[in-house]
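A.B. asks: I am attaching a structure below and will ask some questions about it afterwards.
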Amino acid sequence: MASIFSKIVAGEIPCHRVAETEHCLAFLDINPVVRGHVLCIPKKEVDNLFDLDDALYTELQLFAKRVAAGLRRVCPCIKVGVAVVGLDVPHAHIHLLPLNAASDLDFTRHVAMSSEELAALAGQIAAAIE
């Protein structure tokens, strides 16, 4: 059965896209830990990040780096944090989170954002990615 991320890649489920390449996709988390919480995924469904072949793993990491630079331009932060958890969705993904405090990495809490707020933020981040 396809993961929710594979359904997003296929266009079966909408998302707030911020960047896309032939093999990778970045979109806002709909239940963000902090404002600007982005997920970077390979379009190919592989459960474990470290099971990706070396070429796709490298491409995803470089893609996430590019997305993080745009994210930092839009969401003021001390650093953009990176987390790989992978317990909720069986599809490799990298969390990018604007950090101003260590507590910004607390995945047990979330900030409420409307679909309109997410759409506007996605547009701003997409425009800031070079």
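A.B. asks: Within the range 115-130, can you find the residues that are open to solvent by 40 Å² or more (accessible area, probe 1.4 Å) and either among the polar types (S, T, N, Q) or not in a helix (DSSP H, G or I) (or both)?
C.D. replies: Ser115, Gln124, Glu130
A.B. asks: For the range 1-57, enumerate the residues that are in contact (Cβ under 8 Å) with a residue 24 or more places away in the chain and at positive phi.
C.D. replies: The one that is in contact (Cβ under 8 Å) with a residue 24 or more places away in the chain and at positive phi: Gly36.
A.B. asks: Are any residues in the range 11-22 open to solvent by less than 80 Å² (accessible area, probe 1.4 Å) and in a loop (DSSP other than H, G, I, E, B), and if so, which ones?
C.D. replies: Initially, the range 11-22 is screened for residues open to solvent by less than 80 Å² (accessible area, probe 1.4 Å), giving 11, 13, 15-16, 18-19, 21.
Scanning the range 11-22 gives Gly11, Ile13, Cys15, His16, Thr21.
A.B. asks: Then there is this: I'd like the full set of residues that are closer than 26 Å to Met1 by Cβ, without any contact (Cβ under 8 Å) to a residue 40 or more places away in the chain and surrounded by fewer than 16 Cβ atoms within 10 Å (Cβ to Cβ), limited to the range 84-114.
C.D. replies: Residues satisfying the conditions are Val84, Val85, Leu87, Asp88.
A.B. asks: Taking Leu49 as meeting all but one of (1) of a type outside the set (S, T, N, Q); (2) within 18 Å of Gly81 (Cβ to Cβ); (3) surrounded by 21 or more Cβ atoms within 10 Å (Cβ to Cβ), write down the number of the exception.
C.D. replies: (3)
A.B. asks: Now a separate question. Consider Val67 carefully, then state whether it is among the β-branched types (Val, Ile, Thr), at pLDDT 95 or above, over 16 Å from Val84 (Cα atoms) and crowded, with 18+ Cβ neighbours inside 10 Å.
C.D. replies: no
A.B. asks: Looking for something buried (at least 21 other Cβ atoms within 10 Å of the Cβ), touching a residue at least 24 places away in the same chain (Cβ under 8 Å) and either of a type in the set (S, T, N, Q) or not in a loop (DSSP other than H, G, I, E, B) (or both) - is there at least one such residue anywhere in the range 70-83?
C.D. replies: yes
A.B. asks: In the list Phe63, Phe50, which residue meets the criterion of being under 24 Å from Ala120 (Cα atoms) and part of a helix (DSSP H, G or I)? Before the answer, list the steps.
C.D. replies: Details: Phe50 fails: under 24 Å from Ala120 (Cα atoms).
Going through Phe63, Phe50 in turn, just one is under 24 Å from Ala120 (Cα atoms) and part of a helix (DSSP H, G or I): Phe63.
The values are calculated or read from the model by the stated rules, or taken from the named source; none is laboratory data. Bear in mind the structure is a predicted one, so any value in this text is a computation, not a measurement. Positions of Cβ are generated from backbone atoms using ideal geometry, with glycine treated the same way; all protein chains shown enter the neighbour counts. Only protein heavy atoms, including side chains, enter the accessible area calculation; ligands, DNA and RNA are left aside. Shrake-Rupley method; radii C 1.70, N 1.55, O 1.52, S 1.80 Å.
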